[in-house]
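Below: the structure, in structure tokens.
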Number of protein chains: 2
Amino acid sequence: MKIQSRISPAAYKSEDFIGKYQKLIKDTVIPYQYTVLCDEAPDTEKSHVVQNFVNAGKAVKGEDVGDGFYGMVFQDSDAAKWIEAAAYSLADFPDAELEKTVDELIEKIEAAQDTDGYLNTYFTIKDKDKRWTNLSEGHELYCSGHMMEAACAYYEVTGKRVLLDVMLRNAEHIYNHFIAEGHEGYPGHPEVELALMKMYRCTGNKHCLELAEHFINVRGVDKHFYEKEKEKYDWTVWGNNRSDYDYQQSGKPVREQTDATGHSVRAVYLYTGMADLASETNDKSLFDACKTLWNSITQKRMYITGGIGSTVIGEAFSVDYDLPSDTAYAETCASIGLMFFASRMLENEVNSEYADIMETAFYNTVLAGMQLDGKRFFYVNPLEIIPGISGVSPTHRHDLTERPKWYTCACCPPNAARLISSFGQYAYGENDTTAFCHLFAGGTVEFRNGMKLACKTAYPYDFTVTYKIEKGGTIAVRIPAWSKNYTVELNGETKSMSAEKGYVYISVEDGDSVKLILDGTPRFVYASTKVPELSGKTALCRGPLVYCFEGADNENDVLSVSLKRGGKVNIGSFDNNLLSGTVQLTAEAVRREDSNTLYSSDAPIEKEYTAVAVPYYTWGNRGENQMRVWMNEMR
Amino acid sequence: MKIQSRISPAAYKSEDFIGKYQKLIKDTVIPYQYTVLCDEAPDTEKSHVVQNFVNAGKAVKGEDVGDGFYGMVFQDSDAAKWIEAAAYSLADFPDAELEKTVDELIEKIEAAQDTDGYLNTYFTIKDKDKRWTNLSEGHELYCSGHMMEAACAYYEVTGKRVLLDVMLRNAEHIYNHFIAEGHEGYPGHPEVELALMKMYRCTGNKHCLELAEHFINVRGVDKHFYEKEKEKYDWTVWGNNRSDYDYQQSGKPVREQTDATGHSVRAVYLYTGMADLASETNDKSLFDACKTLWNSITQKRMYITGGIGSTVIGEAFSVDYDLPSDTAYAETCASIGLMFFASRMLENEVNSEYADIMETAFYNTVLAGMQLDGKRFFYVNPLEIIPGISGVSPTHRHDLTERPKWYTCACCPPNAARLISSFGQYAYGENDTTAFCHLFAGGTVEFRNGMKLACKTAYPYDFTVTYKIEKGGTIAVRIPAWSKNYTVELNGETKSMSAEKGYVYISVEDGDSVKLILDGTPRFVYASTKVPELSGKTALCRGPLVYCFEGADNENDVLSVSLKRGGKVNIGSFDNNLLSGTVQLTAEAVRREDSNTLYSSDAPIEKEYTAVAVPYYTWGNRGENQMRVWMNEMR
């Protein structure tokens, strides 16, 4: 079958659950984040990112801007991700004023580009001579990558090419440095690979494809590259350990890597680029490597919420089955990256296992990363919070009980904004003949192949999805693994359809109506007994949603509650006033009386209890209180 | 009632379980450790501690020894703890050759003392000018303290005063510096306080008492002392954070401290000195502070094994109820220190809660610290070990699956040696009228008050303890809290006796026989529901022994095993060939079949299983395998 590809950014118009989120991004997140980027948000961590571009523009003109840079070495990327989010948002919600704001920011960025195509405010303001001398930590390629993504998005939505041309010049500059001039090296923080693939797809520029391929192919061939770089140019940003090959995903050529290791965002960004290149070039060995790494993540190193990178030490993958709930790192950006990786895997192989994980990551970790009002953000997404320990204990300092506003390292908030506002590109795909429905999202979609459909659903709180076909062809609809049963109706008639790698393929004509009924029965989920943290525990899920138990609903104490094996679970009705609209589940449980001594050999006293669960993505929206995903279970 | 005090070091002659351990210390540990100290042990971390004293001796004479120091800043203390262990051992096992070896080492130490009484090889060899300029990290007072303890022990056992005189001169030097000359400061690593109390008790030297009192009373009065010191003398050993008052137990005067915080060994050494001073001076406010800190530890911050200091970060106490099994630090030295603290609390108040904890710490964490053959040592004592994660995951690197030989920081092995060889001082106490039996240990005891008894017991594997009274008086025998029932017989006749603060007091005459029968029924122990890590879990204990489940006895997989609530527990017979002689317990359980997927909503398949447990102190003696103390429980 011909490769499946993403739909164009403007092809999906959202409604319902996703529509509400995209509206929140447009109304609250994008404006708020812009005030942050401009340092106009009160009581908020200083960003300086816009000013950095202004100052870099002056520096390019030879003006002395002194100490004119502020922020992390990768500060530029915050602006890039914001532009990308704004671009996707403009596709849904045309807004001349926002577009003007973006155009003005792009002007500043353009002005900050050096005559040779180089673009990075940190190096341009602070020290031009250090360009390309610290790939390990310098994040120049990372920042370029994000700006390339922004450029493609903005061009695709608005047709405006100013930023795209800036980034084509920048890509050419990078090409000259690494390929024409033959300088060694590969990105410390992968990102440019996937971005160059976007640039190639958007512009057809062969140098972009060649560069992406180059960075992927040279990675890890000389595993000592970062060490040699350090010897040659002795300066550092954070004093990274250049010999930590696992952290850097650089110990072996990528095709020989088997375990997902190191900094989890870097890892999945790299794998995304690899999978993208594999589908573009039909590179079987590269796809096989991607599949092995995918399995490493999803079969051994992933939380039930789609969170990855379980340890704060290096924001990294740990070893197999090391998935602590309370000290989890599980960065929001890493789950966003996992969605990228999944979407590119789908372009190699239409298989519901990728879309299942993409959905899990989205509805749980990614959405949990943002407060329901769009104003605060989690970077770290633990599966258990106990006030008094979480955020306080030396090993739990990173696991906060409530979302903070903006961090010095502000990677996650704009990343969530661009992901949510481009949800359609993950939900739908296409090839010449087929419309792929990977995720269930109300709204209309127009495919490049001519097909057109309108989807109606109250997903993820109802499990009936109706596709009204405006222009026919073949529609491929995912059957999630969590749905033990399903029914497909074509124009009201039940069709007996078996799924192929998790998708049902239905030929449809203009005016047809396809209805999918999935099984929304709440289910208890158990982990492999190989996960030490989770033995004896169970989690409650419904559809794509992982549920959690918060103190707010459970007498401020979830620690003493155990769920009953196979106990009855009641599904509440949808409550618009609860947590921006949600459905509670209640489960048969027991509550243990505290012995009030640290250790006691008295038999526990337990009473019947009905435990109340809410979706994980809604946690931490009602003040500091306990939260637990994995509950003890009594048989 | 008059204060209870420790018996003299030579008063107890051991037999049975403790006797076997003391023999092991004498035959294996003491000789092995001496070869290490002399750098004559093959394939072992270099110690250099004896050579440091030789070189310091030359330096004192004005010879240039150049780079003659090797090791940690507190390297001297290894020799001190070894001498102390050797002294106690000599009391049980006279050995002219060992005594000669100690005498020769003491000669070297004496030679290393400067003319003004100063004694520390690090500063004497490396830089005399830095003396007393880094109390935060320099460990001079810590090393002096350990050598004082060694001096007292060796004098008390052999009557030889060379080292005692050296340390009296050293104490006088310290007195001059801190009191006569009035230099500010208090010990970075508490230890000298408790040692000075020993010196005072051993010699009657009032300056020792005054110094101990001084260091305790000035601590935390100026909480900025270490910061000011750093400003004045800008040098560092490890770059300690001088503003971490919790870590340093220096944020408040000691009488105002309420939570056990910071480096756990430092904490309990400090509290030991405080409790010692409180009993000596009848200082109620100081005892009250000790009691508050004792409760903080034992009611909120202690593992069931008597392990304390749950986090590797700073080898420190964490917050209340933060007691992870798998990432536990629980240093052997900290549990030894907890025993010190308990023994001093008993001198303030005869109350079984102190002796109960002292016993728990000893039979579990302290004994677990040493391999059964006495040749390898744990510093870190986790309650769960999973090969593949433990020792490997970034957050579990300190939790080793097997005991290593000797560390660069070799604090624990000699500490265990001196503790075990002086077990009698913890087991028995006395005052003018009464012989206190805190712990149950076969052997004979002669009290300063004239009483004399012989104890027979197969404790901790049998719970009948018989005291044959050779010289009568009052015998006070502890009834452990874990023993729900007990019987006391005097000359074969059951006496109805109620315990007073956990002790029964019996008047005995020469020739009487007292028999105590405790309840050795295995028991399931549950933690407070406030401990997140332990909800839904149970531990199996018998007498003072916490049991654990090892892969070696359980099909190499303890993770899939859950114990049945109230299930039958069978007590094996004592097996001399198993783990140096032990009793296995077997418990009704279920074993869950692995779903072989990371997450599954299939109901778990379980089969009946009989789980096998061995005492925690024996774990890790059969190669790398899983180990778990807290097991999931099915009702």
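Just tell me how shielded B:534-540 is by partners: mean number of partner chain Cβ atoms within 10 Å of each residue's Cβ, no decimals.
Working: counts 4, 11, 14, 3, 3, 2, 0.
Taking all residues of B:534-540 together, the mean is 5.
The P(r) of the protein assembly as shown has a tail past 59 Å containing 25 percent of all C-alpha pairs.
Both radii are taken from the alpha-carbon atoms of region A:5-427; with Rh as the Kirkwood radius, Rg/Rh is 0.93. Averaged over residues, the count of other Cβ atoms within 10 Å places the peptides B:460-468, B:373-381 in the sequence B:373-381, B:460-468, highest first. Measuring between alpha carbons in the structure, the pairs from A:Lys13/A:Lys484; A:Lys537/B:Lys607; A:Lys230/A:Lys405 lying more than 26 angstrom apart are A:Lys13/A:Lys484; A:Lys230/A:Lys405. Computed on chain B, with alpha-carbon pairs under 8 angstrom and 6+ residues apart, the relative contact order is 13 percent. Distance distribution P(r), region B:61-214, all Cα-Cα pairs, bin width 5 angstrom from 0: 2, 10, 20, 23, 20, 14, 8, 3, 1 percent. Packing here is the average count of other Cβ atoms within 10 Å per residue, and on that basis the peptides A:557-568, B:511-522, highest first, run A:557-568, B:511-522. Based on Cα atoms of region A:535-589, Rg over Rh with Rh as the Kirkwood radius reads 0.96. When chains A and B come together, the accessible area they lose, probed at 1.4 Å and totalled over both chains, is close to 5000 Å². Rounded to the nearest 10 square angstrom, A:Arg131 shows an accessible area of 40 square angstrom against a 1.4 Å probe. When a 1.4 Å probe is rolled over the protein heavy atoms, the share of accessible surface on region B:523-634 that falls to carbon and sulfur comes to 44 percent. What the phi angles of region A:330-343 give under the Karplus curve with 6.51, -1.76 and 1.60, with θ = phi - 60°, is a coupling list of 6, 5, 3, 4, 5, 6, 4, x, 5, 5, 4, 4, 4, 5 Hz, glycine and proline written as x. Size of region B:431-518 from its Cα atoms: along the principal axes, largest to smallest, the extents are 33, 25, 23 Å.
If each Cα of region B:143-281 is one equal point scatterer, what is log10 of I(q)/I(0) from the Debye formula at q = 0.20, 0.21 Å⁻¹? Summing over Cα pairs of region B:143-281 leads to -1.21, -1.29. Using the 1.4 Å probe convention, the accessible area of region A:523-634 works out to 33 Å² per residue with neighbouring protein chains retained. Projecting the alpha carbon convex hull of region B:460-582 along each direction and taking the average yields 10.6 nm². Each other copy places its own label point for B:Asn556 at 4.9 nm from this one, sorted shortest first, where the point lies 7 Å along the Cα-to-beta carbon line.
For the segment B:554-561, counting C-beta atoms of other chains within 10 Å of every residue's C-beta and taking the mean gives 3. With θ taken as phi - 60° and the Karplus curve 6.51 cos²θ - 1.76 cosθ + 1.60 applied, the whole-hertz 3J(HN,Hα) list for region A:561-571 is 9, 10, 7, 8, 4, x, x, 5, 10, 9, 9 Hz, x standing for glycine and proline. Over region A:94-155, the fraction of Cα-Cα pairs per 5 Å bin, rounded to whole percents and listed from the shortest bin up, is 4, 15, 24, 23, 15, 10, 5, 3, 1. Sorting the segments A:335-341, A:486-492, A:294-300 by their residues' average number of neighbouring beta-carbon atoms within 10 angstrom, most packed first, yields A:335-341, A:294-300, A:486-492. Set the Cα radius of gyration of region B:295-415 against 2.2 N^0.38 Å, with N its number of residues, and you get 1.04. Relative to the 2.2 N^0.38 Å rule of thumb, region B:237-335 has a C-alpha radius of gyration ratio of 1.06. Stick to Cα atoms and the Kirkwood definition of Rh, then tell me Rg/Rh for region B:1-140. Here the Rg-to-Rh quotient is 1.04.
Just by accessible area at a 1.4 angstrom probe, what is the order of B:Val265, A:Val65 from largest to smallest?
Numbers: B:Val265 5, A:Val65 30 Å².
Per-residue accessible area, sorted high to low, gives A:Val65, B:Val265.
Remark: label point of A:Lys495 defined 7 Å out from Cα along the Cα-Cβ vector; separations to the same position in other copies 9.1 nm, ascending.
Over the residues of chain B, the helix contribution to mean residue ellipticity at 222 nm works out to -10500 deg cm²/dmol, using -39500 (n - 2.57) for each DSSP H run of at least 4.
Accessible surface for B:Lys405 stands near 60 Å², nearest 10, in the context of the full protein assembly shown (1.4 Å probe). Given 37 °C and 0.692 mPa s, compute D for region A:1-54 with the Stokes-Einstein relation, Rh being the Kirkwood radius over Cα pairs; round to the nearest whole µm²/s. My calculation gives 236 µm²/s for D. For peptide B:395-403, the mean count of partner chain Cβ atoms within 10 Å of a residue's Cβ comes to 2. Note on region B:523-634: semi-axes of the ellipsoid equivalent to its C-alpha gyration tensor, largest first and rounded to whole Å, are 24, 17, 13. Annotation for A:Asn449, label-to-label distances across the other copies: 9.4 nm (shortest first, one decimal, point 7 Å from Cα along Cα→Cβ).
The values are calculated or read from the model by the stated rules, or taken from the named source; none is laboratory data. All values reported here derive from a predicted model rather than from experimental measurement. A quick note on method: Cβ atoms are made from the backbone with ideal geometry, for glycine too, and the neighbour counts reach across all protein chains shown. Just so you know, the surface numbers come from the protein's heavy atoms only, side chains and all, with ligands and any DNA or RNA stripped out. Shrake-Rupley method; radii C 1.70, N 1.55, O 1.52, S 1.80 Å.
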